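Here's the structure, in C-alpha cells; my notes come after.
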Amino acid sequence: MTLLLFLAILDGLAYAAQVFMVAVGLTLIFGVLRILNVAHGSFFAIGGYVAATLGTWAAATAAAPVLALPVLLLAAVMVGGVLGPAIERLVLARIYTKEHVLQLLVTFALFMILEDVQKLVWGVQPIFQDGPVRALGQVEVGDIIYTAYQLYLLPGVALATLFGLMWFLRRTLTGRVIVAVTEDREAATAMGIDANRVYLLTFTVGTVLAALGGALASPTTSLVPGVGVNMIVLSFAVVATAGLGQIEGAMLTALLIGLGRSVAVYFAPEFEVVIPYIIMVAVLLIRPHGLFGRPELRRV
Amino acid sequence: MTAPLLSARGLKIAFGGVKAADGIDLDIAPGEFVAIIGPNGAGKTTFINMTTGYLRPHSGHIHFDGAEITGRPPRSIVRRGIARSFQIPQLFTEHTVIENVALKVAAHGRFWRPFRPLLDAGTAAAAMRLLEQFGLAGVATARATELNEGTRKLTDIAMAMALRPRLLLMDEPTSGVASAEKFGIMDTLVAALRAERVTAVFVEHDMEVVERYADRVAVWSQGKILASGPPAAVLSDPAVLREVIGVETGHAHA
C-alpha cells in the first residue's frame with residue numbers, strides 16, 4: 001500500500017512535469033494573445049514525433065548516448081521555430097480582432113489539419129524511442145527502482161521552465177515589454193513598442209514549449225494518432241483550474257491533476273480519465289476564475 | 001522672433017455634427033509654458049490628440065520644428081520629440097513605478113535583447129534620476145496600483161519625460177488631485193521642465209494654476225481659439241470671462 005502510494009507519487013510528479021510543459025505554453029499564449037489555441041495539442045504531438053524520429057536516427061550513430069538528450073531540445077526548437085512563426089503570421093495575425101468563437105474554430109481547424117499531417121508523415125502505427133531513458137539509467141528510491149529520466153530530468157526541466165519564464169517576464173526588458181503589451185496594447189504601441197513582434201515572439205515561445213513537452217514525453221509514451229487530443233484536453237483542464245494566464249498557478253494545478261490522476265491509476269483505475277475533470281469542475285464551481293485567476297486583472 | 005517649435009494651421013475635425021476643431025491656428029515658441037483653457041467639449045484634448053497622432057485632422061497642417069507631422073502615427077511623433085501625458089494616467093499596473101519609467105527610457109533603444117534586464121545599470125540610473133526630479137524616489141518600487149492620484153499624475157508625466165521630448169503636452173495635470181497637493185505637483189513639474197528645457201502645453205480647468213504658472217493662455221471655445229495672451233490680460237477680458245470663467249467659477253475657487 002505505502003509502496004504503491006509512493007510509486008503513484010513518483011509517477012504523478014513525472015506526469016505533472018509533462019503536462020505543465022504543454023499547459024504553460026497554452027496559458028502564456030492565452031495571457032498575451034487572448035487566443036485559446038486548440039492547435040497547441042498538435043505542437044505537442046509533432047514535437048514528440050520529430051523527437052522520436054531524430055532519436056531513432058541518433059541511436060543508430062556511434063554517439064548515441066551523448067546525442068539522446070540534445071536531440072529532444074533540437075526537435076522542440078525545430079518544430080516550434082518553424083510552425084510557431086508560420087502559423088502566427090499566416091493565420092492568427094488575421095483573426096486577433098475577430099470574435100472568440102471564430103478564433104476557437106480556426107485553431108480547431110488547424111488542429112484537424114495538423115492531425116492529418118501527422119498521419120500522412122508518421123502513419124498510424126505506434127512510434128517509440130527509449131534512448132533518453134537508457135542514457136540516464138535507473139536509480140533506487142527506497143525499495144523502488146525508477147528511471148532517472150522521470151525522477152530528475154522531467155521535473156527538473158519543468159522547474160527550470162517555470163523559473164526561467166518567471167525571471168524572463170519579471171526582470172528582462174523584453175519580458176516587461178510583453179507584460180506591458182498584454183496590459184495595454186495601445187499605450188505600449190504609442191511609446192514605440194511593436195506589438196506584432198511581441199505576439200510573434202510569445203506564440204513562438206509557447207509553441208517551442210509545447211513541442212518540448214512532446215519531445216520529453218516521447219521516451220515515456222507511445223506516439224499514436226490522438227495523442228495530441230488527450231494532451232490538449234488535459235492542458236485545458238490544468239489551465240482552467242489554475243485560472244487563464246496564470247503561470248505559477250499552472251504548475252500547482254499540473255501537480256494537483258498529475259498526482260490525482262496517478263493515484264487513481266493505482267487505486268481506482270476506472271477513474272483515471274475523469275479525475276482531472278472532476279478536479280476542474282469542483283474548482284470552477286467554487287472559483288469560476290480558477291484557483292489563482294482574478295477577474296480580468298492579471299494575465300501573465 | 002524665433003521660429004515656433006510647434007505650428008498648427010487651419011486644423012479642422014468634427015465628430016458627428018460637433019466641431020472639435022474649426023480652424024485652429026496656434027504657434028508655440030521654444031521654452032514657452034502655455035495653458036489651454038475652455039469649457040468641456042471645446043476641443044482641448046482633441047488638439048492634443050491631433051498633435052500626438054492619436055487623431056488625424058480632417059484638414060489643416062501641424063509642423064514640429066519645421067517638419068510636417070500631420071497624420072503621422074503616435075510612434076513616429078514620439079520619436080521626433082513630442083510626448084504627452086493623459087487626463088487619466090496610463091500606467092502599466094503590473095509594473096512598479098521605476099519599471100514604468102524605465103520602459104520609456106528603454107524605448108529609445110532596442111526592445112529585443114531577450115536576456116537584457118529591464119533595470120540594467122544605465123536604464124535604472126536614468127529612471128531614478130527622473131524619479132528624483134519628480135520627487136518620486138520614495139515610491140520607486142511601489143506598484144502603480146498603490147499610488148494616490150497626485151503621484152499617479154506625476155509618474156505619468158515622468159514617463160512622458162523619459163521619452164526625452166522637446167515638447168510635452170499634458171492633459172489636465174492637476175485634475176482629480178487634492179486641492180492641497182496641486183501647487184506642489186505644479187512646482188515639481190515646472191522645475192523639472194525648466195531643468196530639461198522642455199517646452200510644454202497643458203490643458204487646465206483650474207484658473208489659480210493657470211494664473212500662477214502659465215506664460216501664456218489660449219482660450220478654446222467650440223473648436224476655435226477665442227483669445228490668447230498673458231494670463232493676467234486674458235483672464236480679465238470680459239468676453240473670456242463670459243465664455244469660460246463663468247462656466248468655470250466652481251473650479252476656480254475649488
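The values are calculated or read from the model by the stated rules, or taken from the named source; none is laboratory data. Computed from a predicted model, the values in this text were never measured in an experiment. Neighbour counts run over all protein chains shown; Cβ positions are idealised from the backbone, glycine included.
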Report task. Looking only at the stretch A:134-141, decide whether some residue is out of contact with any Phe, Trp or Tyr (no Cβ under 8 Å at 6 or more places or on another chain), of a type in the set (A, V, I, L, M), modelled with pLDDT of 90 or more and surrounded by fewer than 23 Cβ atoms within 10 Å (Cβ to Cβ). Result -> no
Query - Test result for A:LEU105, surrounded by 14 or more Cβ atoms within 10 Å (Cβ to Cβ), free of Cβ contacts under 8 Å to residues at least 24 places away in the same chain, over 20 Å from the mean Cα position of the chain (by Cα) and assigned to a helix (DSSP H, G or I) - result: yes
Query raised in the report: Inside the stretch A:245-287, can you point out the residues that are assigned to a loop (DSSP other than H, G, I, E, B) and surrounded by fewer than 20 Cβ atoms within 10 Å (Cβ to Cβ)?
Result: A:ALA268, A:GLU272, A:VAL273, A:VAL274, A:ARG287
Query raised in the report: Does any residue of the stretch B:225-238 turn out to be at pLDDT below 95, assigned to a loop (DSSP other than H, G, I, E, B) and at positive phi?
Result: no
Report task. Go over the candidates A:THR221, A:THR241 one by one and state the one that is within 20 Å of A:ILE29 (Cα to Cα), surrounded by 16 or more Cβ atoms within 10 Å (Cβ to Cβ) and β-branched (Val, Ile, Thr). Result -> A:THR241
Query raised in the report: Just for the stretch B:96-142: of the residues that are modelled with pLDDT of 90 or more and outside any helix (DSSP H, G or I), which one is farthest from the other protein chains (Cβ to nearest Cβ)?
Result: B:GLY135
Requested in this report: Output the residue which, of all residues in the stretch B:161-172 that are buried (at least 21 other Cβ atoms within 10 Å of the Cβ) and in contact with a Lys or Arg (Cβ under 6 Å, 6 or more places away or on another chain), is nearest to B:ILE28 (Cα to Cα).
Outcome: B:LEU169
Query raised in the report: Restricting attention to the stretch B:72-82, does a residue exist that is away from chain A (no Cβ under 14 Å) and either in a helix (DSSP H, G or I) or more than 20 Å from the chain's Cα centre (by Cα) (or both)?
Result: no
Query raised in the report: Taking the condition within 14 Å of another protein chain (Cβ to nearest Cβ), surrounded by fewer than 20 Cβ atoms within 10 Å (Cβ to Cβ) and not acidic (Asp, Glu), does B:THR145 pass?
Result: yes
Query - In the stretch A:188-228, the residues that are modelled with pLDDT of 90 or more, of a type in the set (A, V, I, L, M, F, W, C) and not in a helix (DSSP H, G or I) - result: A:LEU223, A:VAL224
**Report entry** Given (1) within 14 Å of another protein chain (Cβ to nearest Cβ); (2) closer than 15 Å to B:GLN87 by Cβ; (3) in contact with a Leu (Cβ under 7 Å, 6 or more places away or on another chain), number of the condition B:LEU169 does not satisfy
**Finding:** (3)
Query raised in the report: Pick from the stretch B:177-224 the residues that are of a type in the set (Lys, Arg) and either in contact with a helix residue (DSSP H, G or I) (Cβ under 8 Å, 6 or more places away or on another chain) or assigned to a loop (DSSP other than H, G, I, E, B) (or both): which of them is surrounded by the most Cβ atoms within 10 Å (Cβ to Cβ)?
Result: B:LYS182
**Report entry** Within the stretch A:122-159, considering residues that are over 24 Å from A:GLY228 (Cβ atoms) and either assigned to a loop (DSSP other than H, G, I, E, B) or small (Gly, Ala, Ser) (or both), the one nearest to the other protein chains (Cβ to nearest Cβ)
**Finding:** A:GLY156
Query raised in the report: Can B:ASP156 be described as more than 13 Å from chain A (Cβ to nearest Cβ) and closer than 22 Å to A:ARG185 by Cα?
Result: no
Requested in this report: Filter the stretch A:1-43 for residues that are farther than 19 Å from A:LEU244 by Cα, within 12 Å of the chain's Cα centre (by Cα) and of a type in the set (Phe, Trp, Tyr) and give the result.
Outcome: A:TYR15, A:PHE43
